[in-house]
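*Asks:* Starting off with a structure, shown below.
Bear in mind that the values in this text are calculations on the coordinates, not laboratory data. Keep in mind the model is a prediction, meaning the values are calculated, not measured. No Cβ is skipped: glycine too gets one built from the backbone with ideal geometry, and neighbour counts run over all protein chains shown.
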Amino acid sequence: MRQPSLRHPATRRWIPALLLASLALPASAALAVDAAAIAQAGNGKGAVPCMACHGLDGAGQAAAGHPRLAALDATYLQKQLDDFAGGARSNAIMQPIATALTEDERQAMANYYSKMPVPPALAKPTVDMPAAASVGALLATRGDWSRNVPGCVQCHGPGGVGVGANFPPLAGQPAAYIASQLKAWQDGTRHNDPLQLMQHLSSALTAQDIQAVAAWFAAQPLPAPETAP
């Protein structure tokens, strides 16, 4: 049987499609992202290892104010990385890192950390629980309606365990990190909240309020990781 000639019009129409199909295979393979490698060694293009600040288990570093990433909602995590890259969140450390990650890498890193279990060390806080009548406890659980400030747990869930993609966990996060974010809402260096809720709430808080409510959430226990029977 005679093979089709490369000069035949029908054959010439096939060639571009065949070339595109062959090029698509290595291109799609190149899109695969090794999130664990980036977390431990960076991406070699300006993004340093995530574990340097957030720990190998994603627990963060309380003393330095670096937050926990493990077990946070993937959509929330990706939005934060995208917002760092786009400027909706301002941070001297995270902005260049997020900018150095591609969109696919940011998505992969968000999924990677969302699937990590809550580190066992965080199940029991190492800081003392503030008194139930303390300023932090009252703001967190009841708010201050004289200033139109609802209780934080109304959005962030009981004890601040987090609700969905828009209201991240506050429980067990470092007090320094929570306080820094409330101050960022106040001064406008962070403005990626739904309906500007946090900008309004933070503007009504004093410096003492911020420290108190941050300390209360830092002392809240996290659910213990599930263990196999």
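*Asks:* Give me the number: length gained by fully extending L195 to A32, i.e. 0.36 nm times residue separation minus the C-alpha to C-alpha distance, one decimal in nm.
*Replies:* Values: separation 163, 0.36 × 163 = 58.68 nm, distance 3.47 nm.
Once the chain is fully extended between L195 and A32, it gains 55.2 nm.
*Asks:* Explain nothing, just compute: Karplus ³J(HN,Hα) = 6.51 cos²θ - 1.76 cosθ + 1.60, θ = phi - 60°, for every residue of the range 42-50 in order, whole Hz, x for Gly and Pro.
*Replies:* For the range 42-50, the Karplus curve yields x, 10, x, 10, x, 8, 7, x, 4 Hz.
*Asks:* Note down the relative contact order for the range 127-229 as a percent, whole number, built from C-alpha pairs under 8 angstrom at least six residues apart.
*Replies:* So the answer I get is 34 percent.
*Asks:* Could you go through the range 98-115 in sequence order and give the Karplus-derived ³J(HN,Hα) for each residue, using 6.51 cos²θ - 1.76 cosθ + 1.60 with θ = phi - 60°, rounded to whole Hz, and x for Gly and Pro?
*Replies:* Residue by residue, the range 98-115 yields 5, 5, 6, 8, 6, 4, 5, 5, 5, 5, 5, 5, 5, 5, 4, 6, 5, 8 Hz.
*Asks:* Evaluate E = 1/(1 + (r/R0)^6) for A63 and K124, where r is the Cβ-Cβ distance and R0 equals 22 Å; express this FRET efficiency to the nearest 0.05.
*Replies:* Values: r = 17 Å, r/R0 = 0.78.
Using R0 = 22 Å, I get an efficiency of 0.80.
*Asks:* If we count every other residue with Cβ under 14 angstrom of W185's Cβ, Lys/Arg +1 and Asp/Glu -1, where does the sum land?
*Replies:* Numbers: positive: R89, K183, R190; negative: D83, D187, D193, D209.
Around W185, the charge tally is -1.
*Asks:* Could you run the Karplus curve 6.51 cos²θ - 1.76 cosθ + 1.60 with θ = phi - 60° over the range 138-146 and give me ³J(HN,Hα) per residue in whole Hz, x for Gly and Pro?
*Replies:* Rounded to whole hertz, the list is 5, 5, 5, 9, 10, x, 9, 6, 5.
*Asks:* So what's the projected area for the range 35-117, the Cα convex hull averaged over all directions, in nm²?
*Replies:* Projected over every direction and averaged, the Cα hull of the range 35-117 covers 4.7 nm².
*Asks:* Using Cα-only point scatterers and the Debye equation, what is log10 of I(q)/I(0) for the range 123-218 at each q in 0.10, 0.12, 0.16, 0.19 Å⁻¹, rounded to two decimals?
*Replies:* -0.22, -0.33, -0.60, -0.87
*Asks:* Next question, about the same structure. Would you please give the FRET efficiency between K115 and V163, computed as 1/(1 + (r/R0)^6) with r the Cβ-Cβ distance and R0 = 22 Å, to the nearest 0.05? Could you put the intermediate results ahead of the total?
*Replies:* Numbers: r = 19 Å, r/R0 = 0.87.
About 0.70, to the nearest 0.05.
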